[in-house]
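Visitor: Quick one: this structure, given as structure tokens, is what I'll be asking you about.
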Amino acid sequence: MAYERVPLDKFSEVFGATIELSSVALGGKILSFSDEFFADASNLLKVEPSVSMKGQFGPKGSLFDGWETRRHNPAYDWVVIALGAPGTIVGFDIDTAHFNGNEAPAGSVHGYYSTDGSVPGPEEKAWSEILPRASLGPSSRHLFLLPSPSTPYTHLKLSQYPDGGIARFRAYGSVTPLFPSDPRVPLDLAHVLSGGLVVQVSDAHFSRASNLLLPGRGYDMRDGWETRRSREKGHTEWAIIKLGAAGYLTQAEIDTAFFIGNFPESVELHATNSEEVIPGEDAEWTTIAPRSKTGPNKQHFFKLENVEGHVYTHVRVIMHPDGGMKRVRITGTRAVPGHAPPSLSKELPAIPAGAPPLRLVPAEPLTSSAFAPFGQVLQAWADPTNAPPGTVHTPANNGTAVKYHRLAAITSSYPEGSGEFTGIGVYRSTPAEGARVGGVWQIRMMERHPHTNQAFIPMGTATHPQGEKPLAQNGFYLVCVAEKDKDDKPDLNTLKAFVASTSQGVMYNENTWHHPMCVLDSPIDFACIETQMGTRSEGLDCELIRYADDEVTVAVQIPQL
């Protein structure tokens, strides 16, 4: 296969709308290699550019931030790479930065598509040539563009002739998505593994907009999208995302993780349907999420509007005026011929005549910061630095544990002499009708405890001695809370919904309106810690409000987890 060399100043023009399929950020990894005597092959896939280690020496000689093999190879050296996702290749970046006099003189790339995870040996004929042997020079990036996209591959073999060093290797192209067989299953249509692609961006001065579609929440600001600072009134920055498949959209998330002093002031979302990779200037854009303020280091969830029954192929995210964000998630279902568009009315019972319009609230992941106005989240953090400010944690149990101190205190304000007693009870919660992952669930009651706070802690998966089956090992439950209105009743217009896992407990503040425990899909046992009322405290413990069918005004949109 022929190729074209691309000047470095044309990189954005040629590869700006592609995905780095080999990146470790996407899950790319080194599987095997012929040799890495001087420098590790794993350095090839690092996200950050290679750095100079001039003057630094180890037991084997000079140190290099790249892959370097022994001298005097009679044939060639090779490394086998598993791509982060199967995809078609459009070109490569083979970078010999800081290798000068010991660089690889030439390189080639072969590909293989595996259906079962197995990979042929480096000398087997199953490998297909993608980039023929091409010369490389010292300490420079070598960009190669293929004449047309390749067939899909899952693995690549990078070869260097005969030996030497390569600092970084990047394979650019498009993901070949593997969709669920049922088109009704909701998924993130913008996700890179769904085939989502950032096709146009106004500015990416500090980091690429394509990072918006990567898995997870990343590690720091470098793997998000950040623009220059602007000083003009009314300024905006934007990125256009081509969805992996045309679809019916329902919910969006904009995450500003790690952007603390440089998050956008506000954001909005538009969508269109276009057969072009980049919609033309005459494209009609529909507002699906109006301009809303954002906050630092936070996930923002939006129930989309103007979407029911409409098929969209592209989403435009707009920042006012500039800044940075980590991820954009666009949840929906694929528009597949022969399948009717989803209708919210089919998910919900019929609303009685004269009842108020039903408002949908997207359930978001339970976090300490978002839940803070209503209580505390009780959990251990994989990284203690992610715990709320002021959280005290110390090693425990001879170094095999970390203890998080004083996450929540038990409080009560019962009248004197009411016979209160602080203790522990157990609730066995089973799913309410309609309470399921990916569903829509109506709020029909709210309660509060005027004189005690109340903790609910999932008890995990222990098998009970009576021989009962273990409960769900990875269960989820809903936490729904609301502020008070002027009459001291729950204001359902302020209702917030959170999805919690069985590794998280919650402590509701005294006098906080909340829904009783609502588990999803499978039963969960909870330990309930509270100051329980005595026999002379009747009527003081729990205030409960139920809503008739014609009073139901809000429902929770439960994400596909």
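Visitor: At R0 = 41 Å, how high is the FRET efficiency between Ser503 and Glu284 if r is their beta carbon distance? Nearest 0.05 is fine. Mind showing how you got there, number by number?
Guide: On the way: r = 45 Å, r/R0 = 1.10.
The calculated FRET efficiency here is 0.35.
Visitor: Roll a 1.4 angstrom probe over the protein heavy atoms and tell me the percent of accessible area of the chain that is carbon or sulfur. Write out the running numbers ahead of the final one.
Guide: Values: 13990 of 27000 Å².
About 52 percent, which is the carbon plus sulfur part of the accessible surface.
Visitor: What are the lysines whose alpha-carbon lies under 25 Å from the alpha-carbon of Lys486, with same-chain residues fewer than 8 places away excluded?
Guide: Lys496
Visitor: Given H placed 1.01 Å from N in the peptide plane, which residues other than close sequence neighbours of Thr512 have an amide H under 5 Å from its amide H?
Guide: Close amide H contacts, sequence-distant or interchain: His449.
Visitor: Label points 7 Å out from Cα along the Cβ direction at Ser202 and Met445: separation in nm?
Guide: It works out to 4.9 nm between the two label points.
Visitor: Rounded to the nearest whole Å², what accessible area per residue is found for the chain with the 1.4 Å probe?
Guide: Solvent-accessible surface per residue comes out at 48 Å².
Visitor: Straight-line reach from Lys125: which lysines fall under 24 Å, measuring Cα to Cα and dropping same-chain residues less than 8 apart?
Guide: Lys29, Lys157
Visitor: Starting at the first residue of region 285-290, write each ³J(HN,Hα) from the Karplus equation 6.51 cos²θ - 1.76 cosθ + 1.60 with θ = phi - 60°, in whole Hz, x for Gly and Pro.
Guide: Coupling constants for region 285-290: 9, 10, 6, 10, 8, x Hz.
Visitor: Would you mind computing, in nm to one decimal, how far apart the modelled labels at His393 and Arg229 are, each placed 7 Å from Cα along Cα→Cβ?
Guide: In this crude label model, His393 to Arg229 measures out at 3.3 nm.
Visitor: Next up: Provide the gained length on full extension for the span Phe57 to Arg406, in nm with one decimal, where the gain is 0.36 nm per separating residue minus the Cα-Cα distance. Write out the running numbers ahead of the final one.
Guide: Working: separation 349, 0.36 × 349 = 125.64 nm, distance 4.80 nm.
That pair, Phe57 and Arg406, stretches by 120.8 nm at full extension.
Visitor: Continuing with the same structure: Based on the mean of other Cβ atoms within 10 Å per residue, sort peptides 476-486, 155-165, 423-433 so the most packed one is first. Working shown, then result.
Guide: Details: 476-486: 19.3, 155-165: 22.7, 423-433: 12.6.
Answer by packing, highest mean first, reads 155-165, 476-486, 423-433.
Visitor: Explain nothing, just compute: Karplus ³J(HN,Hα) = 6.51 cos²θ - 1.76 cosθ + 1.60, θ = phi - 60°, for every residue of region 87-97 in order, whole Hz, x for Gly and Pro.
Guide: Computed from phi, the couplings for region 87-97 are x, 8, 9, 10, x, 9, 10, 10, 10, 9, 3 Hz.
Visitor: Which far-off residues, 5 or more places away or on another chain, put their amide H under 5 Å from the one on Gly28, with H placed in the peptide plane?
Guide: For Gly28, whose amide H was placed from the backbone, the distant partners under 5 Å are Ser23, Gly84.
Visitor: Which whole-Hz couplings ³J(HN,Hα) result when phi for each residue of region 67-75 is put into the Karplus expression 6.51 cos²θ - 1.76 cosθ + 1.60, θ = phi - 60°, listed in order with x for Gly and Pro?
Guide: Calculated HN-Hα couplings, in order: 10, 9, 10, 5, 7, 6, 6, x, 10 Hz.
Visitor: Counting pairs of Cα atoms in region 187-334, how many percent are more than 18 Å apart?
Guide: Working: 5547 of 10878 pairs.
Here the tail beyond 18 Å accounts for 51 percent of pairs.
Visitor: Given all pairs of different Cα atoms, what value in angstroms does the Kirkwood hydrodynamic radius of the chain take? Before the final figure, lay out each step's value.
Guide: Working: mean 1/r = 0.0371 Å⁻¹.
Computed over Cα pairs of the chain, the Kirkwood hydrodynamic radius comes out at 26.9 Å.
Visitor: Suppose R0 equals 51 Å; then what is the FRET efficiency for Arg222 and Cys542 from their Cβ-Cβ distance, rounded to the nearest 0.05? Each step should come with its number before you reach the end.
Guide: On the way: r = 49 Å, r/R0 = 0.97.
The value I calculate is 0.55.
Visitor: Rounding to the nearest 20 debye, state how big the charge dipole of the chain is about its Cα centre with +1 on each Lys and Arg Cβ and -1 on each Asp and Glu Cβ. Write down the numbers at each step before the final one.
Guide: Details: 47 positive and 62 negative charges, 170 e Å.
Dipole about the Cα centre, nearest 20: 820 debye.
The values are calculated or read from the model by the stated rules, or taken from the named source; none is laboratory data. Remember, predicted model here, so these are calculated numbers, not experimental data. Neighbour counts are summed over all protein chains in view; Cβ atoms, including those assigned to glycine, are modelled from backbone coordinates with ideal geometry. Each accessible area value is taken on the protein alone, full model and side chains, heavy atoms only, with ligands, DNA and RNA left out. Shrake-Rupley method; radii C 1.70, N 1.55, O 1.52, S 1.80 Å.
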